[in-house]
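The next block holds one structure in the form of structure tokens; read it before the comments.
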């Protein structure tokens, strides 16, 4: 069940930080607002630096069920926390439904991120198709739009 009005999120997982950085640069060049971008990646100095550079602030460190220690920032993280702030305990697979994805999508995002992938998301109601095209064109694996948002 969707807890709050979360908006429409477009999500993709990149193989590594370099690929994610290229996609993030392209999202900014396409004038998608920085405050709409979320990043979630296994914790490390390079990951923290990427989040600080893109988002203009440090990421939140979480020990995410199913993935391990991560650093994350953005509106997707806030939406996944839900009203009970249980995102870290439940993990991606169990919480992606809050933003319109089916449970199997959550398991795919969780598995790819646990393997070292970089999850990039855009809160993109008016420009979801633009965000999806950019994520796909820069190698965002399993890139998709949360199609069930607001309907569950």
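Values quoted throughout were computed directly from the atomic coordinates according to the rules given, and no laboratory measurement underlies them. It should be emphasised that the depicted structure is a prediction, and the values quoted were computed from it without experimental measurement. Cβ: placed from backbone, ideal geometry, glycine included. Neighbour counts: every protein chain shown.
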Taking into account only those residues within segment 131-144 that are assigned to a helix (DSSP H, G or I) and in contact with a helix residue (DSSP H, G or I) (Cβ under 9 Å, 6 or more places away or on another chain), which is nearest to residue 9 (Cα to Cα)?
131
Residue list for segment 102-119, filter: in contact with a strand residue (DSSP E or B) (Cβ under 7 Å, 6 or more places away or on another chain) and under 17 Å from residue 147 (Cβ atoms):
105, 108, 109
